[in-house]
Amino acid sequence: SLSKLQLKTGDLDPRLFSRLRHLQKLDLSDNLLDKFPNSLNLPDLRVLNCNNNKLEDVTALKQFPLLEELTYENNVYLTLNDDYKVMFLLQNLRLLNGKDITKLANQVRRVNSRKLTSKVTAHWEKFFRDQLPEKYTAEQVKSIKKKFLKSVETNVVYGPSSLSEFTRWRVKMIAEEFLACSLGLELNSDTEPEEKTDENEEESTESPREAAEDVAQVGDFSSYISNVTVTPSKRKRNHSKSSPGNKRSKTQANTEEEAAEDVSAEPLHFLQCHSKGNSREDFKTQLWSCVFEPVLESGARKDPIVNSSRTVATCGGESVCLIDCETGTVLKKYKVATEEFFSVAWTTLTMVISDSRKKAHNILAAAGRRGIVKLIHVAADFCYGEIKAHKKPIATVCFSPTQETHLFTASYDKRIALWDIGIPDCDYNFKASQLLVLETASIPLRIALVPTCPEQYLLAGCEGGCFAWNIKLDKGQKSRPFEAIFQFPDEESMTTSHRVDGLAFLNDDVV
């Protein structure tokens, strides 16, 4: 055990460690390591704990081929992509951060590799094979290799966008092996056989759903969360702007519309993860909010169809959960014994990390009955602060899409407040300030910013109607009444008295 010794990477002396030929368990938790030296030479290492460090990369762990158990929780710079990298690199790994990953790791090593290999090969055949002359020079090989690697990393996409960094890493590795093989260079890898698989074998491999079936059972059972697999017959088309070259009869268009609406959906997972004491009998705890985590842009081409990750935050009762929708696993759970959470919202803050470098991180705001906003740095698994926003319960919260630190809180005190939550420094010190207070005539239940001008207008659905406020900050007054009220058709006339507890923009100006 070398835990809690303030060790930095330079303190791990390879000459010393290389003498520990039979060391099987190593505890390096609660230190200051930012990476592993590449030459520690621990050939028999089976169990490694490096929780609570500052690790930024996991690829050096491949030097421990017999590793079976690995934990690196609370390393703020490591993500889901790193989990997948170690699953691929460490063929004997069974437990990662306390979870059995055997089946998922097989999926990553076999199915994922096969799919990516066939995509890389197809990309070469389609775009690059004919560019190489029959007799080529070393210079030509170097040039085409550079172009090919750049092209596959950009264009070969597979799996959810939350794993794009892992996919790019594997694609580059596979592409280099493929080139070494096809251009007759020396190949120092054993992944070549994976390229030679026929379609039938690929189809018969287990699906992610099957791989997920034996993931740890979540035993709590309150408000159901259901992940649904949707298989539309056709993707719905937007007919609002049809180009001259694409004229079709109205009947054809109508048939397509009808076909597009023929959707079959089946539940993928049922979870009850907000009940008191994880009791199956608790059917009283309500599930109030469910929001997908935004994708952190890391230079990858954004998936045009999926622009949020497969991770969803949910809240209800005393807890906030983070759920992986593909496996149905509850990844994290935050509890506050005296709270009932009503709303969660995501924002992405560019935070200063060590050595004055900056990195984008997703922050989750959660609020409810106590009128307090909790700010959670999800990657670090750390609730770093709270804002005492209202004296009465907060019904809903939302972040501005253009100002990442601007948070709106709507409360039972008949007020909507705008806060600047600030950006935490590397010690999580932050300063929050109230920028605006919007007065409502009744309790606000849902809020939405106008998509075309999110810095100018906010709408709120309230117990007594739907209202709009001017929220432009260059106006002097900090406390403001509403500027407009919506009218609803009544049986005989128009009325403004109408309870609105759901609100969303269908496009730029239809709400």
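The values are calculated or read from the model by the stated rules, or taken from the named source; none is laboratory data. Remember, it's a predicted structure, so these values are computed and weren't measured experimentally. Cβ atoms come from the backbone with ideal geometry, glycine included; neighbour counts cover every protein chain shown. What goes into the accessible areas is simple: the full protein's heavy atoms, side chains included, and nothing from ligands, DNA or RNA. Shrake-Rupley method; radii C 1.70, N 1.55, O 1.52, S 1.80 Å.
One table, with the values for the structure above:
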{"quantity": "Solvent-accessible surface ranking, highest first, for 428, 77 at 1.4 angstrom", "calculated": "428, 77"}
{"quantity": "Relative contact order computed over region 378-443 (Cα-Cα under 8 Å; 6+ residues apart), in percent", "calculated": "24"}
{"quantity": "Accessible surface of region 359-408, 1.4 Å probe, proportion on carbon and sulfur as whole %", "calculated": "49"}
{"quantity": "Shape category assigned to region 303-452 from the gyration tensor of Cα positions, a/c cut at 1.5", "calculated": "rounded"}
{"quantity": "Residue-by-residue Karplus 3J(HN,Hα) for region 27-34, coefficients 6.51, -1.76, 1.60, Hz, glycine and proline x", "calculated": "10, 10, 5, 6, 10, 10, 6, 9"}
{"quantity": "Accessible area (Å², per residue) of region 103-183, counting only protein heavy atoms and a probe of 1.4 Å", "calculated": "52"}
{"quantity": "Distance in nm between pseudo-label sites at residue 382 and residue 149 (7 Å out along the Cβ direction from Cα)", "calculated": "3.5"}
{"quantity": "Heavy atoms of residue 150 accessible to a 1.4 Å probe, total area in Å² rounded to 10", "calculated": "150"}
{"quantity": "Most to least accessible of 276, 115, 8 (protein chains only, probe 1.4 Å)", "calculated": "276, 8, 115"}
{"quantity": "Surface accessible to a 1.4 Å probe, per residue, for the residues of region 398-479, Å²", "calculated": "42"}
{"quantity": "Exposure of residue 396 as accessible area (Å², to 10), given a probe of 1.4 Å and all protein chains", "calculated": "10"}
{"quantity": "Binned Cα-Cα distances of region 86-184, short to long, each 10 Å bin given as a whole percent", "calculated": "14, 42, 27, 13, 4, 0"}
{"quantity": "Under the Karplus curve 6.51 cos²θ - 1.76 cosθ + 1.60, θ = phi - 60°, whole-Hz ³J(HN,Hα) for region 268-275, x wherever Gly or Pro sits", "calculated": "9, 9, 10, 10, 10, 10, 10, 7"}
{"quantity": "Largest to smallest accessible area among 505, 127, 17 [probe 1.4 Å]", "calculated": "127, 505, 17"}
{"quantity": "Distance between modelled label sites at residue 348 and residue 284, nm, 7 Å Cα→Cβ extension", "calculated": "4.2"}
{"quantity": "Accessible-area composition of region 87-149, carbon plus sulfur, in percent [1.4 Å probe]", "calculated": "51"}
{"quantity": "Proximal lysines relative to residue 335, as straight alpha-carbon distance under 18 Å, when same-chain residues fewer than 8 apart are discounted", "calculated": "276, 284, 374, 388"}
{"quantity": "Region 9-97: relative contact order in percent, alpha carbon pairs under 8 Å with at least 6 residues between", "calculated": "26"}
{"quantity": "Debye-sum result for region 9-97 in log10 I(q)/I(0), which assumes one identical scatterer on each alpha carbon, at q = 0.11, 0.12 Å⁻¹", "calculated": "-0.26, -0.31"}
{"quantity": "R0 of 35 Å, Cβ-Cβ distance residue 497-residue 402: FRET efficiency to nearest 0.05", "calculated": "0.60"}
{"quantity": "Solvent-accessible heavy-atom area per residue, rounded to whole Å², over region 9-97 at 1.4 Å", "calculated": "45"}
{"quantity": "Region 103-183: relative contact order as a whole-number percent, Cα under 8 Å and 6+ apart", "calculated": "37"}
{"quantity": "Charge sum, other residues only, whose C-beta stays under 12 Å from residue 83's C-beta, Lys/Arg counted +1 and Asp/Glu -1", "calculated": "-2"}
